[in-house]
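Here the structure is laid out as structure tokens; the discussion comes afterwards.
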Amino acid sequence: MSAFTTRSEQHAFGGVQGFYEHPSETCAGPMRFSVFQPPAALRGERVPVLYFLAGLTCTEETFVTKAGAQRVAAELGLALVTCDTSPRATRIPGDDTAWDFGQGAGFYLDATTTPWAASYRMASYVTDELRTIVEANFPIADGARGIFGHSMGGHGALVLALRQPGLYRSVSAFAPIVAPSQVPWGQKAFTGYLGKDREDWAAWDTVELLRTTARIPGRVLVDQGLSDKFLERELQPELLEAACSAAGQALELRRHPGYDHSYYFIATFIEDHLRHHARAF
């Protein structure tokens, strides 16, 4: 198990918001993550944990500083974990030439093409290495974990839950990329990380996975703003709706007039998501 160092810790809403770094074998270099421990954890209780996966260009700090989640998490006794959205230390030529590929855009998959496969292994990082570090070193209740995310991170939350049935007890997403094989963001990322064979893409595509794999336990909550500038080109939630209906996957898809893709949207509905997860625990 990798050791980690504490970058900073601050008290918030009776709990502690911490920022940490560790040497990652999975991502071949240092990775950063954050953990919010609610008051119950500081009293020695073991608490459920929610893993939040952020979107393109974000870091482990974005959700923590913009979503306003700690107050309700403190009330509900939930630990919150975030991580960076890609490896940063292992530099690859071209990894910073576009905002939607490379650094800040790991897409929560395990790359198979050279040179990305050596370090861009965010799926294994989230589901194995990060989970092991967090749950071995913080007071987390055994098996009581959920996952949620935004945009690229919403894609990650849905896909990782579908790929490992039973690992997460609850799942939700804000404006997720639901069918990356069919939209420009996903096509660009999948070609770069996985190669040109579209058959290899299906294992990382929510809509495709719903046709073949086990279901996500319980009801999946998804919120989508109708003034989101990426709605028609990149997100297409109607594809998720149709796939869930065909697969018998329970889904609550809420559409919100006037809301966009920003963290103002997330902050507005974050309490609903935290309560959705808390009910599963």
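The values are calculated or read from the model by the stated rules, or taken from the named source; none is laboratory data. Treat the numbers as computed from the prediction; the structure is a model and nothing was measured. Positions of Cβ are backbone-derived with ideal geometry, glycine not excepted, and every protein chain shown enters the neighbour counts. Quick note on the areas: whole protein, heavy atoms, side chains included, nothing else; ligands and nucleic acids left out. Shrake-Rupley method; radii C 1.70, N 1.55, O 1.52, S 1.80 Å.
A few comments on the model shown:
- For the stretch 8-35, the candidate set comprises residues that are in a strand (DSSP E or B) and among the small types (Gly, Ala, Ser); within that set, the residue that is farthest from Cys58 (Cα to Cα) is Gly15.
- Breaking point among (1) in contact with an Asp or Glu (Cβ under 7 Å, 6 or more places away or on another chain); (2) in a loop (DSSP other than H, G, I, E, B), for Asp95: (1)
Residue-by-condition table, conditions (1) touching a Ser or Thr at 6+ places or on another chain (Cβ under 6 Å); (2) open to solvent by 60 Å² or more (accessible area, probe 1.4 Å):
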position: Arg233; (1), (2): no, yes
position: Ala243; (1), (2): no, no
position: Ala246; (1), (2): no, yes
position: Ala250; (1), (2): no, no
position: Tyr263; (1), (2): no, no
position: Thr268; (1), (2): no, yes
position: His273; (1), (2): yes, no
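- Scanning the stretch 77-97 for residues that are more than 21 Å from His273 (Cβ to Cβ), in contact with a helix residue (DSSP H, G or I) (Cβ under 9 Å, 6 or more places away or on another chain) and in contact (Cβ under 8 Å) with a residue 60 or more places away in the chain yields Pro87, Thr90.
- Members of the stretch 88-147 that are β-branched (Val, Ile, Thr), open to solvent by less than 30 Å² (accessible area, probe 1.4 Å) and under 16 Å from Ser24 (Cβ atoms): Ile92, Val126, Thr127, Ile133, Val134
- Some residue of the stretch 18-26 being among the β-branched types (Val, Ile, Thr) and touching a Phe, Trp or Tyr at 6+ places or on another chain (Cβ under 6 Å): yes
- Among the conditions (1) within 16 Å of Leu53 (Cα to Cα); (2) aromatic (Phe, Trp, Tyr); (3) open to solvent by 10 Å² or more (accessible area, probe 1.4 Å), the only one that Phe174 does not satisfy is (3).
- Looking at the stretch 168-281, the strands (runs of 3 or more DSSP E) lying wholly inside it that each contain 2 or more residues that are over 15 Å from Gly153 (Cα atoms) sit at 251-256.
- Pair list, Cβ under 9 Å, 6 or more apart: the stretch 254-274 residue more than 14 Å from Leu226 (Cβ to Cβ), other residue open to solvent by less than 30 Å² (accessible area, probe 1.4 Å) and hydroxyl-bearing (Ser, Thr, Tyr): Tyr263/Thr62; Asp272/Ser172; His273/Ser172
The rows are residues; the columns are (1) closer than 19 Å to Phe148 by Cβ; (2) crowded, with 21+ Cβ neighbours inside 10 Å.
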position	(1), (2)
Gln10	no, no
Gly14	no, no
Glu25	no, no
Met31	no, yes
Phe36	yes, yes
Leu42	no, no
Gly55	yes, yes
